[in-house]
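First the structure, in the form of structure tokens, and then the observations on it.
The values are calculated or read from the model by the stated rules, or taken from the named source; none is laboratory data. For clarity, every value in this text was computed on a predicted model and none was experimentally measured. Note: ideal-geometry Cβ built from the backbone for every residue, glycine included; neighbour counts use all protein chains shown. To get the accessible areas, we keep the full protein, side chains included, count just its heavy atoms, and leave off ligands, DNA and RNA. Shrake-Rupley method; radii C 1.70, N 1.55, O 1.52, S 1.80 Å.
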Amino acid sequence: MLGGHTPGMHDDTEAVAVPPIPARMVNEVTYCPRLFFLEWVDRDFDDNHFTVEGRAVHERIDEGEPTTPLGDSDSPWQARSVELSSAILGVSAKIDLVEAADGEVIPVETKRGKAPDVPEGAYEPELVQLCLYGLLLREAGYRVERGEFYFAGSRKRVEVRLDEALVARTLAMVELARSVAKAQVAPAPLVASPKCVGCSLAGLCLPDEVNLLAGSEAPGPPRALLPARDDAQPLYVQELGAKVGVSGQCLQVKDRDQRKLLEAPLVDVSHVVLMGNVQISSQAIREVTTRGVPVAWLSTGGWLSGLLDGLGHGQVALRRAQYAAADDPVLCLGLARAFVATKIANSRTFLRRNLGTEEPGLTLELAQLGERAASAESLETLLGLEGNAARLYFENFGRLLSNDNLGTFDFKTRNRRPPKDAVNALLSFAYSMLTKDVAVAARLVGFDPYLGFLHQPRAGRFSLALDVMEELRPIVADSVVVNVINMSVVTSKDFIRRGVGVTLNAEGRKKVLKAWERRLSEQVTHPLFGYRVSYRRILEMQCRLLARHLRGEIPEYPGFKTR
Ligand code: SF4
């Protein structure tokens, strides 16, 4: 355990002014204080089918009849989408429907799904939200004794008395929300709670994983709360002169003669990758960035030259933690050790699995280098150990290639800028893809991908992405390279020589990208958490676990060490 700066402890002492808290966020704090923090304080958001359905129901309400001004409650009236705010309560709300009759006003909240079979008529978070509507209307001068839910799934209205006990519980939840917001530190995840199963933020929160790594007692292994694989896939466009546009709910790619090359539903696109001279319309950029779908520009050789991801979620606190950690030599060294030691361990496993023969001398030497890296006393020592391990690894890498293909894949040593043979061209291309994918994941999590801990900042270099990808180079990138050579996916026809350099041609890139996506979709058993998960999900999880470490939630960054 390293001394010095404790991650996440730099930003919780400042006075924080809390703006009015939306009533639906007081609903969330009642469900789970951490959910409230992630969504309202950190502004992290993710959809699941519950949230998508719920939003659709409310959008229909908001698009409905225009709002009628609130009036005297003696004569009947209705008003929709009523916005209220109270400095005294410290909350705001947008009420679906307010009805007045016989001197009384009733707030009505529409909920997706069926009415729950509970004596209170609804679950506690919803009761609290409805009660807040009543309190806001009372403060506006109306008599409010009850509220109603309309459950769209069962087309049923349920009445709730806003009695003193409910008011007291509601005010306690507002106070809880204010204290969580002021503390600026995420509450610990719930332990083995069934609430996490239906929570839209389970993939961001990683409740069981964080609890395990933080040493909290839990009755069983982490649950797989997320689909093991993303359904959304990257859209690669590399056709010279092609243009990406938007048509309805789809991205459309046309060639320079306006012929349609392909169409992809926006919901199925995780990010857009434009390679070489490819255009994208501003309508398409606006559409994808508002959906949080990044666009990456790459040269035809795979060099990442730009990344656009709209406004993101803010995540100021995470970036402040990242900057503070990068300025702390002790913390930097701890992270750098983890990245390098895990990379060496994975290189050793990769060689052991693929050489086909037992090589005790080689594996022992790599194991010793990994152990020394895990306790290296300076960044310089660590870089030296990493260099020695890389030399040993690449001295043996050529032995993994079984299809020499008339000398095309004769590998002697690692070289780059430019790569001077086909194998090095493949390695460089695969590492560029990995940089791009980790940079995209790092941005989605809220990091500044330029600021790393092992790789020092250099203009235009995605240092953080280079850090996190270290451990994944052998098991993701090198694995794809060995596979496309040994399975004869690529041949000498897929490369071109430019001066002293060798690069993939368009057809070769297409083949490698296919193999790349196949590898990222492949599922493995997570060595720490025990469930099946795709490599693409692992890229994102590693970035999220790094964020949890920097925010002080888990004591160590856990590298992804394959077995
Ligand atoms: S996953 Fe569980 S702990 Fe995390 S925010 Fe959701 S309910 Fe709370």
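Things worth noting here:
- Residue satisfying condition, being of a type outside the set (Phe, Trp, Tyr), in a strand (DSSP E or B) and open to solvent by less than 60 Å² (accessible area, probe 1.4 Å), within set Gly245, Gly220: Gly245
- Of the helices (runs of 4 or more DSSP H) entirely within region 327-413, those holding at least 2 residues that are hydrophobic (A, V, I, L, M, F, W, C) and touching a Phe, Trp or Tyr at 6+ places or on another chain (Cβ under 7 Å) occupy 329-355.
- Among the residues of region 174-182, some residue qualifies, meaning at least one is in contact with a Leu (Cβ under 9 Å, 6 or more places away or on another chain), within 17 Å of Val29 (Cβ to Cβ) and either open to solvent by less than 60 Å² (accessible area, probe 1.4 Å) or within 16 Å of the ligand (Cβ to nearest atom) (or both).
- Pairs linking a residue in region 24-39 that is closer than 14 Å to Ser179 by Cβ and within 8 Å of the ligand (Cβ to nearest atom) to a residue that is in a helix (DSSP H, G or I) and open to solvent by 20 Å² or more (accessible area, probe 1.4 Å), with Cβ atoms under 7 Å and 6 or more positions apart or on different chains, are Pro33/Leu176.
- Within region 395-418, being modelled with pLDDT of 85 or more and either open to solvent by less than 30 Å² (accessible area, probe 1.4 Å) or more than 21 Å from Val480 (Cβ to Cβ) (or both) holds for Asn396, Phe397, Gly398, Leu400, Leu401.
- Screening Glu239 on (1) within 16 Å of the ligand (Cβ to nearest atom); (2) surrounded by 13 or more Cβ atoms within 10 Å (Cβ to Cβ); (3) part of a loop (DSSP other than H, G, I, E, B) shows it passes everything except condition (1).
- When Thr289 is tested against the conditions (1) farther than 20 Å from Leu513 by Cα; (2) assigned to a loop (DSSP other than H, G, I, E, B), the lone failure is (2).
- Any hit, region 148-168, residues being open to solvent by 70 Å² or more (accessible area, probe 1.4 Å) and aliphatic (A, V, I, L, M): no
- Residue tally, condition aliphatic (A, V, I, L, M) and buried (at least 20 other Cβ atoms within 10 Å of the Cβ), over region 305-361: 15
- Counting only strands (runs of 3 or more DSSP E) that fall entirely inside region 451-552 and contain at least 1 residues that are among the hydroxyl-bearing types (Ser, Thr, Tyr) and open to solvent by less than 10 Å² (accessible area, probe 1.4 Å), the qualifying elements are 532-534.
- Taken over region 477-494, the criterion of being in contact (Cβ under 8 Å) with a residue 60 or more places away in the chain and within 30 Å of Phe447 (Cα to Cα) is satisfied by Asp478, Ser479.
- Criterion: farther than 30 Å from Tyr393 by Cβ, more than 23 Å from the chain's Cα centre (by Cα) and not hydroxyl-bearing (Ser, Thr, Tyr) - qualifying residue of Val278, Val316, Val295, Val288: Val278
- Residue in region 226-247 that is among the polar types (S, T, N, Q) and touching a Gly at 6+ places or on another chain (Cβ under 9 Å) present: yes
- Flag for Val502 being at pLDDT below 90 and in contact with a His (Cβ under 6 Å, 6 or more places away or on another chain): no
- Within region 182-194, residues that are more than 14 Å from Leu212 (Cα to Cα) have Cβ atoms under 9 Å from residues that are near the ligand (Cβ under 9 Å from one of its atoms) and of a type in the set (Lys, Arg) in these pairs: Ala186/Arg34; Pro187/Arg34, counting only partners at least 6 apart in sequence or on another chain.
- Checked against the criterion of being closer than 30 Å to Leu379 by Cβ and of a type in the set (Gly, Ala, Ser), region 289-296 contains one or more residues that satisfy it.
- Residue check for Asp208: open to solvent by less than 30 Å² (accessible area, probe 1.4 Å) and within 15 Å of the ligand (Cβ to nearest atom): yes
- Subset of region 189-205 (residues that are in a loop (DSSP other than H, G, I, E, B) and under 19 Å from the mean Cα position of the chain (by Cα)): Pro189, Cys199, Ser200, Leu201
- Filter result (polar (S, T, N, Q) and out of contact with any Leu (no Cβ under 8 Å at 6 or more places or on another chain)) within region 256-278: Gln258, Ser270
- No other residue among Arg497, Arg509, Arg518 is free of Cβ contacts under 8 Å to residues at least 12 places away in the same chain and under 32 Å from the mean Cα position of the chain (by Cα) apart from Arg518.
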